[in-house]
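Report on the following structure.
Throughout, read-outs are computed from the coordinates displayed, never taken from laboratory work. Note that the coordinates shown come from a computational prediction; the quantities given were computed from them, not determined experimentally. Here Cβ is always computed from backbone atoms with ideal geometry, including for glycine, and neighbour counts include all displayed protein chains.
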Amino acid sequence: MTDIFAADGWLCQTINTASDAIWTYVLIAVLLCCAVWFTVRSRGVQFRMFREMVRLLGESATSSKSQKHVSSFQAFAVSVATRVGTGNLAGVATAIAVGGPGAVFWMWLIALLGSATAFVESTLAQLFKKKAKDSFIGGPAYYIMQGLKMPWLSALFAILITITFGLSNNSIQSNTICSAMDVAFGFDPKVVGIILTLLTLAVILGGIHRIAKVSSVIVPVMAIGYLVLALYVVLSNVTLIPQVFGVIFKDAFGITQIAGGGIGATMMNGIKRGLFSNEAGEGSAPNVAATADTSHPVKQGLIQALGVFTDTLVVCSCTAFIILFSGLDTTSGLNGIALTQAALEAEIGAFGKNFIAVAILLFAYSSIIGNYYYGEVNIRFLTGRKSALAVYRILSGGVMVLFGAFASLDLVWSIGDFFMALLTAVNLFAIVLLGKYVFRLLADYNAQKRAGISDPVFHRSQMPDLDLDCWD
C-alpha cells in the first residue's frame, strides 16, 4: 500500500505520464487560444470594466436587504474560497521549484487573459440557472444541457467535476494541511486528517447556505491576514523587487531555457498551477456563480472575473515574492507547502512557518467545503436519489480527506492535474460554442448603462431563442 501511495510508485508515474501528455500536446494551447479569443471578442472586458467589477462587489457586500437566496458577494466568497487555497501557497511553490521563477510569469499571463474566460463561463451559468427549493442551481452541466442539448456531454462534465473537486482536489487540500501542521507543530498527519474530516462534515451537511456563511467569514479574514504579512515582507525587501522581476522575466524567456528545452517545463508548470489556483475555464466557479440572486447575468460574470485577479495577481504573487526573496527556490530541495514555510521562516523567523500552517488550515479548509459543493450540484444534476448524495458526502468529506493525509504530495497533485485537464477540455469546448450568448448579454448590459440605467435588468423575453428557467 505504501509503495502505491509513494511519489515513485507505479500509480503516480502512470498518472503523471498521461497528465503530461494531455497538458503538453493539447490543453495549454487550447487554454491560451480560448483566453485570447474571449479577451478580443469581449473587447478586453476584464480590463475596461474593472471599475464596474469592484463597484458591483462592493454594492453586494454592503447591501442591507434581506436575502432569501445567496447574495452575489456570498457566491463570490465561496468561489474565492475554493480558488484561494493550496494553489496559492503550495501550488506556487511547486511551480517555482519544478519550473523555475519564470513559471510565475505564465501564472500572471493565464490570469490576465483567463479572467475573460471566467467572465464567460460564470455569465453562462447565471443565464441558464434553474430554480431550486431554497436557492438557484446551475453550472456547466446545466448550460451544456440547456444550451447545447448534449445530455451525454453534460453528464460527462458532471462526473468529471465531481471527481476533480469533490474527491481529488479535497485530497490535495487535506495533504497540504497535514504537511503544514507536521512541519510547524509536529502533529501526526493521521490525527489531523481525522479532525479535518469531522470539521468538514459538520459544515457540508448544512448545504450551500452554511457553506456560503462560513466562507464569507473565513475568506476575508484569511486573505487580509496573509496579505498584510506578505506586504511586510515585500516592503522589507523593496530594494530587491527590480531584481526579482528581472529573474522572473529572464527565466520565462531566457536563452538558456529555450536552448535546453526548459521553457516548455516553465510554461507548463506555470499554466497548470495557475489554472489550479484561479480555475478560469475549468468550469468550477460557475457552479456557485449560478446560485447568486442578481438582476442581470453579466453582473455575476464581472464579479467572478474579479476573483481571478484577486487570486493570482494578488495572493499568488505574494507567495512568489516571499519565496524568491528568500533565495530558497533553487537551493533548498524543498517543494510544496514546506518550501513556502521555509521561505517565510527565512524572512521573519520561526513564526513564519507557524503562520503559514494556520493560514493554510483556513485557506485549504474553505477550499474543501467549497469543492464539496461543486460536486453536490452535479450529483443533484445526475440523480435525485438522496442515497447517492449521502455516499458522495462520505467520500468527499471523509474518505478523500483521509486519503490526502496518507498519500504523498506527488500522487495527490498528479491525480488532480489529470482530472483537471479532462474537466477543463470539456468546459472549454462548451463555452466556445455558447459564448455568443454572453456577448449578446454584455452588449445589452452596456446599452442599459449608456441609457442611464444604474441597475441593468435582464428578462428572458430578450432571448426568445433560448429555453430559460429563470429571469421572469
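A few points about this structure:
- Working from Cα pairs under 8 Å separated by at least six residues, relative contact order for the range 306-381 is 19 percent.
- Separation of the alpha carbons by more than 26 angstrom is noted, of Lys149/Lys449; Lys190/Lys386; Lys133/Lys449; Lys129/Lys299, for Lys149/Lys449; Lys190/Lys386; Lys133/Lys449.
- Loop-resident trypsin sites (Lys or Arg not before Pro) (DSSP state other than H, G, I, E or B) in the range 348-409 with no more than 14 further Cβ atoms inside 10 Å of their Cβ: Arg385.
- Here the 3J(HN,Hα) profile of the range 231-236, calculated from phi with Karplus coefficients 6.51, -1.76 and 1.60 at θ = phi - 60°, is 4, 4, 5, 5, 5, 5 Hz, Gly and Pro shown as x.
- Cα-based equivalent ellipsoid, the range 298-412: semi-axes from gyration tensor eigenvalues, Å: 33, 21, 11
- Fully extended contour minus Cα-Cα distance, from Trp10 to Leu148, at 0.36 nm per residue: 45.8 nm
- Order by protection proxy (mean Cβ within 10 Å, highest first), peptides 232-238, 115-121: 115-121, 232-238
- R0 of 41 Å, Cβ-Cβ distance Phe187-Ser461: FRET efficiency to nearest 0.05: 0.10
- Local net charge near Asn16, Cβ-Cβ under 9 Å (Lys/Arg +1, Asp/Glu -1): -3
- At full extension, Leu231 and Lys250 could sit 4.4 nm farther apart than now, given 0.36 nm per residue minus the alpha carbon distance.
- Spread of Cα-to-Cα distances over 10 Å intervals beginning at zero, given as percent, for the range 348-472: 9, 22, 26, 22, 16, 4, 0
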